[in-house]
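All remarks here apply to the structure that follows.
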Amino acid sequence: MRHRIATRRLGRQTGHRMALLRNLAANLFTHGKITTTEAKAKEVARTADKLITLAAKGDLHSRRLVLSFLPDKEVVTKLFDTLGPDYKGREAGASGGRGGRTRIVRKGPRRGDGAPMVILELV
């Protein structure tokens, strides 16, 4: 039973998993939407919602926290200058425990292995 287990391990060790989440979140903020598997999308949505919440605060401490997580300074600048103020007035909706700033749209199974694919996009 998986009682009180907060995150998915995604079949990776900690360093690899964190690098995956960082890169997927950076790509989400850069392009506005990404196509990935359902499990990865749910984890990235949790991370992205937390980063957007920090960007909506807009203070120096929040910027440094986001810079410690995201690998690209240009993405952080875009997040704080354009995305953060846009989401500042948006309340966190009833979206299954996430912040309500991302949307998951199911695409269907992947052709090679049947993994459920989704599109993760910013609302």
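Only the coordinates and a few stated rules stand behind these numbers; no lab work does. The structure displayed is predicted, hence computed values, not measured ones. Quick reminder, even Gly has a Cβ in these numbers, built from the backbone with ideal geometry, and neighbours come from all protein chains shown.
At what distance in nm do the modelled label points of Arg4 and Phe69 sit from each other, each positioned 7 Å from its Cα along Cα→Cβ?
Modelled inter-label distance: 2.4 nm.
Counting pairs of Cα atoms in the chain, how many percent are more than 19 Å apart? Intermediate values should be presented prior to the final figure.
On the way: 3675 of 7503 pairs.
The share of Cα pairs beyond 19 Å in the chain comes to 49 percent.
Show which aspartates and glutamates lie in cross-link reach of Lys73 when reach means a straight Cα distance below 20 angstrom and same-chain residues fewer than eight apart are skipped.
Answer for Lys73, where 20 Å is the Cα cut-off: Asp49, Asp59, Asp81, Asp86, listed by chain and number.
Using a 10 angstrom cutoff on alpha carbons, build the Gaussian network for the chain and name the most mobile of Leu65, Leu24, Leu51.
Leu65
Would region 43-87 count as rounded, prolate or oblate if I go by the C-alpha gyration tensor, calling it rounded below 1.5 in a/c and otherwise prolate when a/b exceeds b/c, oblate otherwise?
Details: a/c = 1.34, a/b = 1.08, b/c = 1.24.
Note, shape of region 43-87 comes out rounded.
Just to be sure I understand the rule: take each whole DSSP H helix in the chain, project its Cα atoms onto its long axis, keep it if the span is 27 Å or more and its mean Kyte-Doolittle hydropathy is at least -1.0. Which ones pass? Don't skip to the answer; put the middle values down first.
On the way: long enough: 38-57 (29 Å, -0.25).
Helices meeting the span and hydropathy rule in the chain are 38-57.
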